[in-house]
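Scroll down for the structure; my scribbles are underneath it.
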């Protein structure tokens, strides 16, 4: 029995050591929508609340990376409070850039119509600040169908917005991205298009090969339009259809991510090409305490088939390989994380985003850190309203070689920040994963952590 337990424990520890999915561990992040801008990949997500029994979602969040290993938390630049007409259900959304502006298309429950509505916020950078572009919904008519918007700009400059459950809808956007031409377009929901017609049109007792549900993602490859969507019902998998026009008629093309044990009965996909790689984003319920109402964003790398179609993509705990490195001799935000345990992030107007809720045994892992020379010192910005604790810097594992340590005292408040430095650095060179391991009184919040830097 002991031998079996030991083997199982070691296997679990090894899996944890190599896990990169979900890509964010500090909170639940649903419905990932990737966007590439200026050599960085941004992911816009929802935020499932802890312990929720429904999709009670209050805000949207942003994360970014330049190496597909370490993700920087940009906090929540958009929330229900950003829209005077919205009062509940900050569900799936997507952002796109046009003419130097960033347009964030959202859906939320409307106080005006009593149904779900499509809104749009605008900002001057990928991380905001964002504001409601209209002061009212872009589209609503009282229906609950209007969820999960996806935006796409075609090669000719024409922008399209699509959304919907169980019906797929379109709007032909004007160049200003906040108004539209013509009326609402309804997709033809046929068996040929999506594997099954709408529920009301299905033959009783007949088994269909698939069906569109929600969460569309509209894109184009090699002249063919591709519509990816959550499919099949509950639980959902991911399928897609193709067309010669952005509004169809669509032709069912098959499954991409089949049903898998992800601990979530929904799924929501987004696709991006970045630095010569293709990435498929989705969500699971695999974060501790997660599930159908506590979902977390994940990513897999894939290669298109020779004819441009999608291969089968299965979810993994390992995620994707790094495609870049991190320079430790510049200031690095503490909320730049490859993987973490136990902690959370918060934000305010003065400091921005920082790491908080740190307890004994918690850690942050940062991948692919290159020490091009021997560091002479290590600095960290911290704050503690209680006893403080210890910040250990270790290499390659939570129990790896300790190369530096900072003792964090009480600083007189959780927002009373101090920069602490140690020059006691053990020899280090080459590329490593760096672990920040936190120690202190058990059961007590230790300190907040804003940034770190090695000095050369």
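What the table below lists for this structure:
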read-out	value
Cα Rg, Dmax, region 253-336, angstrom units	15.3, 48
Packing-based exposure ordering (other Cβ within 10 Å, fewest first) of 262, 127	127, 262
Taking the C-alpha atoms of region 123-187, convex hull volume expressed per residue in Å³	113 Å³
Euclidean distance between Cα centres, region 117-182 to region 242-257, Å	21 Å
Which of 229, 28, 310 has the fewest Cβ neighbours within 10 Å, and the rest in rising order	310, 28, 229
Which of 442, 421, 453 has the fewest Cβ neighbours within 10 Å, and the rest in rising order	442, 421, 453
Estimated FRET transfer efficiency (residue 420, residue 50; beta-carbon r; R0 30 Å; 0.05)	0.45
Read-out Kirkwood radius over Cα pairs in Å, derived from the coordinates shown; its label in (1) 24.0; (2) 22.6; (3) 23.3	(3)
Tensor-based shape of region 285-397 (alpha-carbon gyration tensor, a/c under 1.5 rounded, otherwise prolate or oblate)	oblate
Estimated inter-spin distance, residue 307 and residue 379, nm [label 7 Å along Cα→Cβ]	5.9 nm
Computed E for residue 224/residue 429 - FRET, C-beta separation, R0 56 angstrom, nearest 0.05	0.70
Spatial separation of Cα centroids for region 374-452 and region 304-333, in angstrom	28 Å
In degrees, nearest ten, helix 2-18 long axis to first principal axis of the chain (Cα)	70 degrees
Cα convex hull of region 332-455, projected area averaged across orientations, nm²	6.8 nm²
Mean separation of Cα contacts under 8 Å, 6 or more apart, over the residue count of the chain: relative contact order %	14 percent
Difference of contour (0.36 nm per residue) and Cα-Cα distance, residue 317 to residue 209	36.0 nm
Of every Cα-Cα pair in region 62-177, the percent that sits beyond 18 Å	51 percent
Region 300-441, relative contact order in percent, only Cα pairs under 8 angstrom and at least six apart counted	25 percent
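Bear in mind that the values in this text are calculations on the coordinates, not laboratory data. All values derive from a computational prediction rather than experimental measurement. Every residue, glycine among them, receives a Cβ derived from its backbone with ideal geometry; neighbour counts consider all protein chains shown.
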